[in-house]
Amino acid sequence: MRRLFPDGIRPEHRQPGRWDGAASPLTFLLLAGAMLLALSGQLGGNAPRVQVVHLGAADLVVHDPRVLRNGEFFELRVAVTARRGLADMVVALDPAQWRDVTINTMVPAADKEDFAGGAIRLHYGPLEGGERRDVKIDGQLNPAHIGEAVGPIGLYDDERFLGAIDAPIRVMP
């Protein structure tokens, strides 16, 4: 005897269902919601934040990401324009913000690096009034880094504190 359907398949399986051949509204809404969330920048991938502070002796500009995903590569740029001569331009980084971060490149390299006053200090030497120095740091977040990395980026003229910019970065899994 010849069968019309294989074992386990009955004629009602061939009858079109309510959503056959069309996308489910629920699937469409879930996909649209995921796309809107991604486009909002709340999960990373957005343009860097630009912060500017005028400190009297110098102007400090920091380009940094607001939201990153762990394992992601990132770029931090610090620009200092001296309004008057600086004996030793020092960029100070909070070590809490740099835990579980691998630094791949730092251009230009600091003349001297040390740890003082609870900060990683990068010494770049003298900076004449009106002169600008840009520092570019490329890094990668280690997979263990999740949560908020909070810490200031400070500017010193040798040992004299000029000011800082808070640079919190939210790290998503």
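The values are calculated or read from the model by the stated rules, or taken from the named source; none is laboratory data. Everything numeric in this text was worked out from a predicted model, so none of it was measured. With ideal geometry, Cβ positions are generated from the backbone for all residues, glycine too; neighbour counts draw on all protein chains shown.
In the range 80-111, how many are among the small types (Gly, Ala, Ser) and within 19 Å of Gly151 (Cα to Cα)?
So the first thing to find is which residues in the range 80-111 are among the small types (Gly, Ala, Ser), and the list is 82, 85, 87, 92, 96, 109-110.
Then drop every residue that is not within 19 Å of Gly151 (Cα to Cα), which leaves 92, 96.
The total comes to 2.
Every residue in the range 59-82 that is farther than 15 Å from Lys136 by Cβ, among the β-branched types (Val, Ile, Thr) and free of Cβ contacts under 8 Å to residues at least 60 places away in the same chain, please.
Hit for the range 59-82 is Thr81, nothing else.
Condition first: assigned to a loop (DSSP other than H, G, I, E, B) and either of a type in the set (Phe, Trp, Tyr) or at positive phi (or both). Can you find one or more residues in the range 20-32 that meet it?
Filtering the range 20-32 down to residues assigned to a loop (DSSP other than H, G, I, E, B) leaves 20-24.
Subset that is either of a type in the set (Phe, Trp, Tyr) or at positive phi (or both): 21.
Yes, because at least one residue in the range 20-32 is assigned to a loop (DSSP other than H, G, I, E, B) and either of a type in the set (Phe, Trp, Tyr) or at positive phi (or both).
Among the residues of the range 138-155, how many are over 18 Å from Val52 (Cβ atoms) and touching a Leu at 6+ places or on another chain (Cβ under 9 Å)? Please lay out each step first, then the result.
To start, the set of residues in the range 138-155 that are over 18 Å from Val52 (Cβ atoms) comprises 138-151.
Still in the list and also touching a Leu at 6+ places or on another chain (Cβ under 9 Å): 138-139, 141, 145, 149, 151.
Qualifying residue count for the region: 6.
Scanning the range 17-60 for residues that are surrounded by fewer than 11 Cβ atoms within 10 Å (Cβ to Cβ) and among the polar types (S, T, N, Q), which turns out modelled with the highest pLDDT?
Thr27
Restricting the range 81-117 to residues that are closer than 19 Å to Ala57 by Cβ and hydrophobic (A, V, I, L, M, F, W, C), which is surrounded by the fewest Cβ atoms within 10 Å (Cβ to Cβ)?
It comes out as Ala87.
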